[in-house]
Amino acid sequence: MSTEVKDAAAEAPVKEPAEPLFSKKNKLLLTDPLDDSNPITVQVLGICSALAITVQVKQAVVMSLSVLAVMIGGNLIVSLIRNVIPSRIRIIVQLVVVASLVILVDQVLKAYVYDVSKALSVFVGLIITNCIIMGRLEAFALANKPWPSILDAIGNAMGYGWILIAVAVVREAFGSGSIMGYKFIPEGWLISNGGAYAHNNLMILPPMALIVVGIIIWIQRARNTKLIEEH
Amino acid sequence: MLELVNIFIKGIFIENMIFAYFLGMCSYLAVSKTVKTGVGLGAAVIFVLGITVPVNYLLENYILKEGALSWLGADFAAVDLSFLSFIMFIAIIASMVQLVEMAVEKFSPALYGALGIFLPLIAVNCSILGGALFMQERQYSSIAEATSFGLGSGVGWFLAIVAIAAIREKIKYSNVPAPLRGLGITYIITGLMGIAFMAFMGIEL
């Protein structure tokens, strides 16, 4: 899963290598959050939603796209007005920008994919306080020009998205024997139909999301040893 | 009265913000390295949830809900502003946090010293907005019920962060596989604690 998403992200900037728009530094903004500074596994941002809506791949995809849209919009707007925001009230200003964008996303989801929007329930609203968005606004968009801010938003949203989708694939595959609703375990294998296979219902329960993310971190850090913490 | 106690207990154990809904995970993971900071942040969360949930309850029932504006006159009975609830709730939360911070700084410098840096963090703690949104979804019938729900979820969150912080302090002395140290093992322990807390599921209060 990881390599697929990474390739897609790495290819986009390569198309116009001569452009200063995709200078080395800007490319790093896109690729760094996929691994070395991944929002979920390294920066510890945006965990709440990542854990709660990863029972099905479809929900995870919709959530990732919503976060991507809100992040690009939020980073762009905050970066454009960064010089006129008084620093004392910047949190409220950021929250208002993000909340308006989330209301837009929420209304769009309700209009076009109502069943998914129902399943995500309060978690669409919680994109507002998804720390990944506030964190990047605070750490990046407030201090940088619009274009790098957009790249930073895309990079971080992709880094968030691939973990989300990876967790969802594991949970849906083992928990319900399907991916994106397509069942790949034949009905005849199930115990209820005389076979020997049973879905692992533990995978559908919330605590498994934490354990799956923990294992992803384990694999990632075993591969990328400079991320290992002291304790 | 018994109903209020039930909602309070439910908020702590059965509908625990961390173990049942994963709300406020970011600060839970980031600020749980020592018990002392865990207690500080936990206390701040109880405080803020206990204030913002009832305030948002009033907002929801007297301004936002369909027909909530009827106290202004018959003309307003059909107004439904519920699509504005995200932005209104978050504005209330951000400004309440700011107000609480100023009040605590003025009246109790000692408490401010203890909570100080955690208060601003709380505006973006998902458990606070989550509390407001669950309050809206569950339609509590009075402000007392909403307050007891807010305090209960706050105490549940406090309990969770203190527990994980204590475990993390002890786990320093264990031989954890290197790539799992720090964040990784914390996730897995939280998952195991979540499984333990599932024992409370299905208890009817």
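What follows draws every value from the coordinates through simple rules; no lab data is involved. In this text the structure is predicted, and so the values were computed from the model without any measurement. Cβ sites come from the backbone with ideal geometry, for glycine too, and all protein chains shown count toward neighbours.
Along the charge dipole of segment B:52-186, pointing to its positive end and built from +1/-1 on Cβ of Lys, Arg, Asp and Glu, which listed residue (B:Ile90, B:Ala166, B:Val79) has its Cα farthest out?
B:Ala166
Would you list the membrane-span-like helices of chain B, meaning whole DSSP H runs whose alpha-carbon atoms span at least 24 Å along their axis and whose mean Kyte-Doolittle value is at least -0.5?
Qualifying helices: B:35-59, B:85-107, B:143-171.
Count the lysine pairs in chain B whose Cα atoms lie under 18 Å apart, taking only pairs 8 or more positions apart in sequence or on different chains. All intermediate terms of the calculation are to be shown ahead of the outcome.
On the way: B:Lys33/B:Lys170; B:Lys33/B:Lys172; B:Lys36/B:Lys170; B:Lys36/B:Lys172.
Summing the qualifying lysine pairs gives 4.
Averaged across the residues of A:209-222, what count of C-beta atoms belonging to other chains lies within 10 Å of each residue's C-beta? Write down the numbers at each step before the final one.
On the way: counts 4, 13, 8, 3, 6, 11, 5, 2, 10, 10, 2, 2, 8, 5.
Average per residue, whole number: 6.
Can you give me the distance in nm between label points at A:Ala222 and A:Phe184, each placed 7 Å from the Cα along the Cα-to-Cβ direction?
Between A:Ala222 and A:Phe184, the simple spin-label model gives 2.1 nm.
Name the residue farthest towards the positive end of the dipole of chain A from the options A:Ile215, A:Leu104, A:Trp189, assuming +1 on Cβ of Lys and Arg, -1 on Cβ of Asp and Glu, about the Cα centre.
With unit charges placed on the Cβ atoms, the residue in question is A:Leu104.
Hey, if you put +1 on the Cβ of every Lys and Arg and -1 on every Asp and Glu Cβ in segment B:35-160, which of B:Val39, B:Tyr57, B:Ala103 ends up farthest toward the positive end of that dipole?
Highest projection toward the positive end goes to B:Val39.
Calculate the radius of gyration of the Cα atoms of segment B:35-160 to one decimal place, then report Dmax, the largest Cα-Cα distance, as a whole number, both in Å.
15.7, 55
Would you grab the residues whose amide H sits under 5 Å from the one on A:Ile179? Only those 5+ places off in sequence or on another chain, please, with H modelled 1.01 Å from N.
Those lying under 5 Å, H to H, from A:Ile179 are A:Phe184.
State whether the protein assembly as shown is rounded, prolate or oblate according to the following rule on the C-alpha gyration tensor (a ≥ b ≥ c being the square roots of its eigenvalues): a/c under 1.5 gives rounded; otherwise a/b larger than b/c gives prolate, and the remaining case gives oblate.
Here the protein assembly as shown falls in the rounded category.
What do the square roots of 5 times the Cα gyration tensor eigenvalues come to for chain A, in whole Å, largest first, as semi-axes of the equivalent ellipsoid?
Calculated on Cα positions only, the semi-axes equal 33, 21, 16 Å.
Could you work out the mean count of beta carbons from other protein chains within 10 Å of each residue's beta carbon in A:93-106? It would help to have the intermediate numbers written out before the result.
Details: counts 1, 3, 10, 4, 0, 4, 10, 2, 0, 3, 5, 0, 0, 2.
Mean number of neighbouring Cβ atoms from other chains: 3.
Take the alpha carbon gyration tensor of segment B:94-205, find the square roots of its eigenvalues, order them as a ≥ b ≥ c, and report rounded if a/c is under 1.5; if not, report prolate when a/b exceeds b/c, else oblate.
Because a/c hits 1.5 or more and a/b fails to exceed b/c, segment B:94-205 counts as oblate.
What is the magnitude of the charge dipole of the protein assembly as shown about its Cα centre, with +1 placed on the Cβ of each Lys and Arg, -1 on the Cβ of each Asp and Glu, and no other charges, expressed in debye to the nearest 20?
The calculated dipole for the protein assembly as shown is roughly 1060 debye.
To the nearest 500 deg cm²/dmol, what mean residue ellipticity at 222 nm is calculated for chain B from DSSP H runs of n ≥ 4 alone, each contributing -39,500 (n - 2.57), summed and divided by the residues?
-21000 deg cm²/dmol
Taking only C-alpha pairs under 8 Å that are 6+ residues apart, what is the relative contact order of segment B:35-160 in percent?
That works out to 44 percent.
May I ask you to list, by number, the DSSP H helices of chain A whose Cα span along the axis is at least 24 Å and whose average Kyte-Doolittle hydropathy reaches -1.0 or more? Provide the component values of the computation, followed by the final result.
On the way: long enough: A:57-80 (34 Å, 1.78); A:90-112 (33 Å, 1.77); A:146-176 (43 Å, 0.88); A:206-223 (27 Å, 1.29).
Result, helices passing both filters: A:57-80, A:90-112, A:146-176, A:206-223.
Could you identify which residue out of B:Met135, B:Met193, B:Met25 has the top mean-square fluctuation in a GNM of chain B using Cα springs shorter than 10 Å?
In the Gaussian network model the winner is B:Met193.
In deg cm²/dmol and to the nearest 500, what is the mean residue ellipticity at 222 nm of chain A if only DSSP H runs of at least 4 residues count, each as -39500 (n - 2.57), divided by the residue total?
Values: 10 runs with 143 residues, N = 231.
Computed ellipticity for chain A at 222 nm equals -20000 deg cm²/dmol.
Output the relative contact order of chain A, whole-number percent, from Cα pairs under 8 angstrom with separation of 6+ residues.
About 30 percent, as a whole number.
Can you figure out the FRET efficiency of A:Asp36 with B:Ala144, using R₀ = 45 Å and their beta-carbon distance, to the nearest 0.05?
Computed FRET efficiency for A:Asp36 and B:Ala144 comes out at 0.35.
Give the long-range amide H neighbours of A:Ile128: residues separated by 5 or more places, or on another chain, with amide H under 5 Å away, using H modelled in the peptide plane at 1.01 Å from N.
Correct list: empty.
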